[in-house]
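The values are calculated or read from the model by the stated rules, or taken from the named source; none is laboratory data. Being a predicted model, the structure only gives us computed values, none of them experimental. Because the Cβ atoms are built from the backbone with ideal geometry, glycine has one as well, and the counts that use them run over all protein chains shown.
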Amino acid sequence: MKVHEYQARQLLADGGVPVPGGKMVQTVEDAEAAAAELIAAGAKLLVVKAQVHAGGRGKAGFVKLVKTADEARQAAEFMLTNRMVSVQTGPEGLDVRRLLIADGVDIAKEYYLAITVDRARNTNTLIASAEGGVEIEKVAKEKPEAIHKMPLHPTRGLEAFQARQVAFKLGFKGKQVGQAASVMMKLANVFLATDASLAEINPLIVTPPTSDHPDGQVLAIDAKFNFDDNALFRHKNIQAMFDPAEENPAELRANEHGLSYVALDGNIGCLVNGAGLAMSTMDIIKLHGGEPANFLDVGGSASEDAVTEAFRIILSDDRVQGVLVNIFGGIMECDKIARAIASAAKEVGFTVPLVVRLEGTNVAAAREILEEAKSELPTMQPATDLADAAKKVCAAVTVPA
């Protein structure tokens with residue numbers, strides 16, 4: 001599960017990480033009022049930021065610096081009436097429904113800070129870089145020496161001496177070292193306390209020196225959190241942050257029926273039982289020149305109604321030009337899948353090629369059901385094995401250039 005930036009900033013603030021003040025708004029009028037309130041409190045510069053689950057907002061024009069409430073209103077009007085298109089949204093872009101109006105700060109230097117799960121080392125790991133404010137993937141590719149990693153102890157988490165080591169490596173000086181180390185420790189605490197899979201601050205910044213802060217202040221001005229869905233039952237406050245408007249509607253429908261569904265960019269719909277088999281199915285489709293339109297695992301305990309809904313979801317995608325059903329019946333019985341195919345044929349109709357490969361529990365009964373429903377399944381082709389199924393479905397659709 002992901003949350004918006006304004007929610008991530010609140011989690012950081014609750015954990016003691018210094019974050020500039022700000023307010024989430026959903027209308028142009030509220031944006032103007034929030035800006036006026038922050039200016040009255042002493043803010044000289046404000047930032048208006050679109051709240052969407054995608055990066056590249058600044059380059060897309062959806063992060064704007066303003067100095068007056070009227071400028072904030074203009075920025076809000078632009079963002080709330082235009083779709084944001086960035087490298088992470090695709091050409092269709094995203095609707096913007098929420099904005100963050102926040103105090104702007106002077107920046108002397110930007111850094112990157114994150115904690116995530118390092119599966120290769122089987123540990124949570126702090127990742128830090130003095131190359132903040134840009135795409136960390138680009139830094140890792142072009143300047144891998146600029147990325148510093150520090151594994152967290154499995155029970156003690158990030159220790160103070162580790163945080164200070166990283167702070168020195170990043171080039172913090174004077175009182176900045178203690179401030180930066182404190183942010184790292186608190187970020188680690190929030191990461192562990194919330195069962196996060198990613199906690200990111202980009203950028204973490206140092207402000208220019210002032211009379212009150214001769215070494216500047218270390219502040220988090222942008223944040224991103226991802227959470228382990230399997231642990232959300234322990235965190236009602238984080239569950240309440242879920243924004244369904246930012247999710248794929250088909251994925252939400254699938255989740256309601258206990259199905260594991262992820263939309264992809266191809267044109268071959270897949271219905272499979274078992275995550276490993278689903279991955280193998282997508283691989284063999286690509287091997288034969290096709291592109292999967294989705295990952296869809298019905299699992300072993302899905303009802304006939306749920307499997308029928310799975311077909312509805314697949315066929316509701318206009319990009320789907322063919323469907324491959326690949327079932328190896330163990331707990332999931334092949335005849336249940338066959339009945340769902342027949343049911344979907346009556347309720348939705350298969351107007352695109354359908355290739356079916358069934359093996360395992362009750363496969364003979366399943367084949368009888370499909371034979372009886374043959375008149376309602378004019379586009380169906382049986383397959384002898386997975387390779388045969390992939391070849392047939394790829395031959396039946398338009399292969400992307």
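Observations on the structure shown:
- Against the criterion of being farther than 30 Å from Glu37 by Cα, under 26 Å from the mean Cα position of the chain (by Cα), free of Cβ contacts under 8 Å to residues at least 12 places away in the same chain and outside any loop (DSSP other than H, G, I, E, B), Lys141 qualifies.
- Test for Gly178: is it assigned by TED's automatic domain parsing to the domain that holds Gln7 and in contact (Cβ under 8 Å) with a residue 24 or more places away in the chain: no
- Matching residues in the stretch 150-172 - criterion: being surrounded by fewer than 13 Cβ atoms within 10 Å (Cβ to Cβ) and not in a helix (DSSP H, G or I): His153, Pro154, Thr155, Arg156
- The stretch 345-361: number of residues that are part of a strand (DSSP E or B) and either farther than 22 Å from Leu277 by Cβ or charged (D, E, K, R) (or both): 2
- Only one of the listed residues (Asn326, Asn362) is surrounded by fewer than 19 Cβ atoms within 10 Å (Cβ to Cβ), over 20 Å from Asn255 (Cβ atoms) and assigned by TED's automatic domain parsing to the domain that holds Leu264. That residue is Asn362.
- All positions within the stretch 76-107 that are under 24 Å from the mean Cα position of the chain (by Cα), closer than 25 Å to Ala13 by Cβ and β-branched (Val, Ile, Thr): Val96, Ile101
- Test result for Leu46, of a type outside the set (D, E, K, R), on the phi < 0 side of the Ramachandran plot and crowded, with 22+ Cβ neighbours inside 10 Å: yes
- Cβ-Cβ under 6 Å pairs, at least 6 apart or on other chains, the stretch 89-101 side among the β-branched types (Val, Ile, Thr), far side surrounded by fewer than 20 Cβ atoms within 10 Å (Cβ to Cβ): Thr89/Ala54; Val96/Leu80; Val96/Met84; Ile101/Lys23
- Residue in the stretch 60-75 that is touching a residue at least 24 places away in the same chain (Cβ under 8 Å), under 18 Å from the mean Cα position of the chain (by Cα) and surrounded by fewer than 16 Cβ atoms within 10 Å (Cβ to Cβ) present: no
- Single unsatisfied condition, Asp215 versus (1) buried (at least 19 other Cβ atoms within 10 Å of the Cβ); (2) within 27 Å of Leu45 (Cα to Cα): (1)
- Candidates Ala254, Ala338 - the one that is modelled with pLDDT of 90 or more and assigned to a helix (DSSP H, G or I): Ala338
- The combined condition, being more than 30 Å from Met24 (Cβ to Cβ), touching a residue at least 60 places away in the same chain (Cβ under 8 Å) and surrounded by fewer than 16 Cβ atoms within 10 Å (Cβ to Cβ), is not fulfilled by Gly258.
- Search result, residues across the stretch 80-98 that are in contact with a Phe, Trp or Tyr (Cβ under 9 Å, 6 or more places away or on another chain) and outside any loop (DSSP other than H, G, I, E, B): Met84
- Residues that are more than 21 Å from Ala50 (Cβ to Cβ) and surrounded by 15 or more Cβ atoms within 10 Å (Cβ to Cβ) within the stretch 76-111 comprise Lys109, Tyr111, listed in sequence order.
- Evaluation of Glu77 against (1) in a helix (DSSP H, G or I); (2) in contact with a strand residue (DSSP E or B) (Cβ under 8 Å, 6 or more places away or on another chain) (one fails), failing number: (2)
- The stretch 112-149, residues that are polar (S, T, N, Q), out of contact with any Phe, Trp or Tyr (no Cβ under 6 Å at 6 or more places or on another chain) and either on the phi > 0 side of the Ramachandran plot or surrounded by 15 or more Cβ atoms within 10 Å (Cβ to Cβ) (or both): Thr116, Asn122, Asn124, Thr125
- Residue within the stretch 24-39 that is assigned by TED's automatic domain parsing to the domain that holds Leu99, buried (at least 18 other Cβ atoms within 10 Å of the Cβ) and assigned to a loop (DSSP other than H, G, I, E, B) present: no
- A Cβ distance below 7 Å, combined with a sequence gap of six or more or placement on separate chains, defines the contacts here; from the stretch 186-214, residues that are under 19 Å from Ser129 (Cβ atoms) reach residues that are in a helix (DSSP H, G or I) in the pairs Ala199/Leu187; Ala199/Val190; Ala199/Phe191; Ile201/Leu187; Asn202/Ile136; Leu204/Val183; Val206/Gln176.
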